[in-house]
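Visitor: Have a look at this one before I ask anything.
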Amino acid sequence: MSIDDELWTCRGSGKPAVRLASFRSVIGLLLVCFCGCGGAADPPRFADEGKSPEELVAMLKNPDPATRARGAFGLARHPGSAKSAMTELISLVSDPSPPVRQNSALALGVIGADAEAAVPALIGLLQDEQWPVRRQAALALGQIGPAAKSALPALARLESDRSKLVQKAAREARQQIDRH
């Protein structure tokens, strides 16, 4: 059987989506992938979507690091709730688990200027051994803005980091802090 004879179906519905027979069909398949086909409902975007902010805050205290990381990530999608959990999020910046530290920085960043109390902890994260954690800390400091002016020297040092992504995040953060 050639690829021209294969029949592709919509995810979850089993309905035919498109028959690959030409370039136009490939374009049609891409449209189905990006736009959907009216089949089954899309699955949640992340495992804890739909949890209340209170449930997400409770997850921050769970002994399982994956659960703590998911709780911090979920709070990043609820800036108002992240603000009310700022003390817990700041304490998680020193968690032994890199994903917990990274997602805590993410959540602190979405709080913005009101997360000024987190600046010293985030500056400490700029020296983390994991580049995704350093990058997220730099991005969070940029989101905090002028209230993170004390981070400028540490961000300047990060512009020579071994990770290009960390360097870029540090440059952007410095611009965001200086912009205001």
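Visitor: Take segment 76-105 and flag every residue that is of a type in the set (Lys, Arg) and modelled with pLDDT of 95 or more.
Guide: Answer for segment 76-105, where residues must be of a type in the set (Lys, Arg) and modelled with pLDDT of 95 or more: just Arg101.
Visitor: Within segment 69-78, does at least one residue satisfy the condition of being surrounded by fewer than 18 Cβ atoms within 10 Å (Cβ to Cβ) and in a helix (DSSP H, G or I)?
Guide: Looking for residues that are surrounded by fewer than 18 Cβ atoms within 10 Å (Cβ to Cβ) and in a helix (DSSP H, G or I), one finds none in segment 69-78, hence no.
Visitor: Would you say Ser150 is under 26 Å from Asp64 (Cα atoms), of a type in the set (Ser, Thr, Tyr) and at pLDDT 95 or above?
Guide: No: the conditions fail for Ser150.
Visitor: So Gly14 fits all but one of (1) surrounded by 15 or more Cβ atoms within 10 Å (Cβ to Cβ); (2) at pLDDT below 65; what number is the exception?
Guide: Unmet condition: (1).
Visitor: Something else: For segment 126-158, how many residues are within 16 Å of the chain's Cα centre (by Cα) and within 16 Å of Ser97 (Cβ to Cβ)?
Guide: Looking only at that region, the number is 7.
Visitor: Which one is surrounded by the most Cβ atoms within 10 Å (Cβ to Cβ) among residues in segment 84-101 that are more than 17 Å from the chain's Cα centre (by Cα) and part of a loop (DSSP other than H, G, I, E, B)?
Guide: Ala85
Visitor: Hey, among the residues in segment 55-68 that are in a helix (DSSP H, G or I), of a type outside the set (A, V, I, L, M) and in contact (Cβ under 8 Å) with a residue 24 or more places away in the chain, which one's farthest from Gln143 (Cα to Cα)? Spell out the reasoning first.
Guide: Filtering segment 55-68 for residues in a helix (DSSP H, G or I) gives 55-59, 65-68.
Now narrow it down to the ones that are of a type outside the set (A, V, I, L, M): 55, 65, 67-68.
Those still in the list that are in contact (Cβ under 8 Å) with a residue 24 or more places away in the chain too: 65, 68.
Details: Pro65: 25, Arg68: 22 Å.
Out of the qualifying residues, it is Pro65.
Visitor: Would you check which residues across segment 121-150 are over 18 Å from Gln176 (Cβ atoms) and either touching a residue at least 12 places away in the same chain (Cβ under 8 Å) or touching a helix residue (DSSP H, G or I) at 6+ places or on another chain (Cβ under 8 Å) (or both) and list them?
Guide: Ala121, Gly124, Gln127, Asp128, Gln130, Trp131, Pro132, Val133
The values are calculated or read from the model by the stated rules, or taken from the named source; none is laboratory data. All of these numbers come straight from a predicted model, not from anything done at the bench. All Cβ positions, even for glycine, are placed from backbone atoms using ideal geometry, and neighbour counts span all protein chains on display.
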